Each structure stands twice: as C-alpha cells, then as structure tokens.
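Everything below concerns the one structure shown next.
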Amino acid sequence: MIRTVFYTLGCKLNQCESEALASSFKSRGFSVSSTPQEADIFVVNSCTVTSKAEQKARRMIRKFSRENPLSVIFVTGCYAQLNGDDISALAENVYVIPLDLKHTIMDLPEIIMDGLNNGMSLNESAQMFVQGEIPPVHDFDRFKFTGSTHTIHTRAYLKIQDGCNNNCAYCRVQIARGKSVSLDLKEAVKRAVDLENEGYREIVLTGVNISDYRNPGKGEEDLASLVHVLTANLKSSRIRLSSLEPDSITVRLAEAVSHPNVTPHFHIPVQSGSNRVIEKINRHYTAEQVTEAVSLLRSAKDDPFIAADIIVGLPYEQDEDFKATYDLVQDISFSQVHIFPYSPRPGTELYTVPIHVPERTARERAGKLHELASSLYRAYVNRWQGQEVDVLLEQRGGTDGNAEWMGLSGNYLHTMVEDVPGGDENRGRIIRAVISSVQKGIVSRFLKFL
C-alpha cells in the first residue's frame, strides 16, 4: 500500500481541499495520514498569510525530503502559487502544483498507479503527472473538491466560494487566489444534502471570503440566501460558518443565522479598532460597525462564541491606535482573539511602506492583548459551566465501555465528555451534554444522543 501524508497549513479552505484530496487517495487504495511520518508521497498544502507560514512550509518540505529521499513531495496552495520556483529549488523530489491546477491532484493517484504498473518509479510517475498536458482551467474547477469521505476530520467542509474582491493592503491571499467566484446555490445545497445523507452531522461552509458569496447569474442571492435554503433542506446536520467580514453582517444575515441548525459560533477578521488604521489598510468598515455587527449576532444567538483576528504592529499604528484596538476588544468582550504580529508580504500595498512600529513595541502590544484575550476567554467559559451544549463527538479517549470522548460544542468549546455509552460507532454523532467543570479544561457529562 502506498503511504501518503497530507500536511496542511493555513485556513479552513485549505483544510477543506486537503480533505477532498485525501478522500481521492483513500478511495484508490492509498493509506492516508495527516500526521508527519515516513511515507511515499507527501502533499503539502501551503499558506502565504505570514512569513512564518512560509518558513514552516519550507522547513517541513526539507524535513520530508531529507528523511524520505525516495519519496515524492507535491506542494500546492497560496505559497506555491506565488513562489513556485523557490519551492522547487528546495529538493530534487519536490514538485509544485499551482493553485489553478490544485484540483488535478484529485487524479494523481490514478496516474501514479498507472506509472507504477508500467514499471515506472515513483519519481518518474510524478514527473509524468507534472509534465502532462495542462487542461483548460475554468472557474468551476475550483469547486471539484467534493471528497465523499472526510478522512481527517469528523466535520464535513463544503467549499462555497474562492478568491476575494477585497484589496486589503496587507494581504497576499487575494493576489494568489484571484477574484471571487462562487458555487451555484443549487449545487451547494445538493452537496450539503449529500453530506448529510453520508452521515455528517456538521457541515462547515468555507471559502477565502464567504461574505462574498453570490449565486452565479443571480447576484441578489447571497450568503444569507444560501443559509436560508440550506436550513430549509437539511434535517439533522448543523451548519457552521467560517469567517465573516464585519461589513457583511446585516440584519438579513443575522436573521438567517438565527436558525437553530446554525451553530452559535462566529469569526470576524477585525484587524484593528482604530478607524484611521482601518482606512489606511483598505478595510471597508469602522470600529462602530464592528460593534453593531457583534450586537446583531448576539441578538440572533444566545451568548454565541465570537472570535476575532487582530493584527498588531501595522504601519501607521500609533499608541492611540493600539489603545482604540485594545478598548474595542475589551468593550465587545470577544470570546477568543487571534493575535498576529504584522508580517510584510511581497506584492502588497504595505510592503513598501516603512515600518513605523518597532518590533519590541509590537511584541509588548501583542502581550497586552494576549493577557486580555485570555481573561475574556476564561470569562466566557465560566459562564457556560452548568449549561447544556450540543457536542459533536470527535475522538474516543479509551477502549472501555462509557469511555471519555473529546468533542466540539456548537459554540466552539473543545470539551471532554464523560459517560458516553457505546463505542467507536459514536464518532461523528451529536449528543446533548452538560458542562460540569471548567477548572482544568472543559469537562462535560453525557445526557442523551440527538
């Protein structure tokens, strides 16, 4: 059996695409793992959001090549799209697949097997794949990632959108992914129903910027429209949304996500609480609009888990700008805050702007936000002690009857669940549980299957 490792960096969209690729390999008899280990084929799905993500990709590619010299390493993703030549030079057994051809990796297992059956080596088969005739590329090719079996996660990912029409001054992803394109609404609903019929009880809607979702040819049908139709058609599966732009959170969207089958978990890329900085980095909202957006989401759901992204050390960020960001995070009381030091990215508008924030100052600001974020998260978790949650069972912690499980609640709390009857057949099921302790991790007690 040919051993394959998928190593994925970055966003949920990359995870979604890796799931589909892994499904393609597994369905053709390849062994599949997401844990770095000895293997014959490595597929690295790269990210270019920060320089650290690129450094990590390079480090792992070199490690895979050094420890598995007879293997082949395929690298795709945003970093591969923008810096393919640099990646190819890392080792002789490295092959770069640009983003617009990532979907062709779905056919790689068949090509590899054909080559091996005809006496070719693994490397020769890989060369035949990358040197083959390049087919015409169409927008719909980006939505060929439809793996029927999600090998790596218990949640199913449904890609509804790709690309981005924003032009954020710090972001390289829109350069790599191009303009926004969306999956046809009827096709999206069909795929979601298919996933439900296959037994998946949570479907994550994902894309580069799902707020940009527009049904092709019917621009008035947006993300709110899609959520309304999905909740009307799905019977037992819950829907989780990936990141939402602050200016996309309207009364209409809030009404759509108020449906009980939409999880009370939202993620907002706020980036800064200073209106001056927000304008400088080409974001299209104000701090006041962020506050209003969160208010709408909280009116739609009872105490939802609301996470935010914040970039510290952006050019133009003065002390008063950071104070505005800190105050916004504190006043809104986000449940979780992802804090990123600014990373200048080649090709972006800010790349040539002098860095006005010394690295030490940026670290200090990040430290203050981390302290605040930790206290806000703890306050949110404490509020849920003694309350009931719906938990997706993901990983069993033992072999005895009524073993402990690790699971994910609708409001994005990772919890250990005690006293779950039955065995491994419960993986992927949703249960009702009550949070019994939050002192050393979040512990819940099983109540019933849903």
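The values are calculated or read from the model by the stated rules, or taken from the named source; none is laboratory data. Remember, it's a predicted structure, so these values are computed and weren't measured experimentally. Because the Cβ atoms are built from the backbone with ideal geometry, glycine has one as well, and the counts that use them run over all protein chains shown.
List of remarks:
- Residues being surrounded by fewer than 21 Cβ atoms within 10 Å (Cβ to Cβ) and small (G, A, S) - total across the range 11-46: 6
- The listed residue being more than 25 Å from Y316 (Cα to Cα), touching a Phe, Trp or Tyr at 6+ places or on another chain (Cβ under 9 Å) and in the same structural domain as S333 (by TED's automatic domain parsing), out of V257, V277: V257
- In the range 353-385, residue surrounded by the fewest Cβ atoms within 10 Å (Cβ to Cβ) [restricted to those that are out of contact with any strand residue (DSSP E or B) (no Cβ under 9 Å at 6 or more places or on another chain) and more than 21 Å from L328 (Cβ to Cβ)]: P354
Rundown of residues vs (1) modelled with pLDDT of 90 or more; (2) over 27 Å from the mean Cα position of the chain (by Cα), yes/no style:
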site	(1), (2)
G132	no, yes
P135	no, yes
R142	no, no
S148	no, no
A156	yes, no
G163	yes, no
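- Among the residues listed as V32, V44, the single one being assigned to a strand (DSSP E or B) and within 30 Å of I339 (Cβ to Cβ): V44
- Residue satisfying condition, being of a type outside the set (S, T, Y), buried (at least 21 other Cβ atoms within 10 Å of the Cβ) and touching a strand residue (DSSP E or B) at 6+ places or on another chain (Cβ under 8 Å), within set L226, L234: L226
- Near pairs, Cβ below 9 angstrom, 6+ apart or cross-chain, from the range 297-323 (under 21 Å from G410 (Cβ atoms) and assigned to a loop (DSSP other than H, G, I, E, B)) to any residue that is modelled with pLDDT of 95 or more and of a type in the set (D, E): none
- Considering the range 272-291, the residues that are outside any loop (DSSP other than H, G, I, E, B) and not polar (S, T, N, Q) include one that is farthest from the chain's Cα centre (by Cα), namely R276.
- Of all residues in the range 60-73, one or more are among the hydrophobic types (A, V, I, L, M, F, W, C) and either modelled with pLDDT under 95 or touching a Lys or Arg at 6+ places or on another chain (Cβ under 7 Å) (or both).
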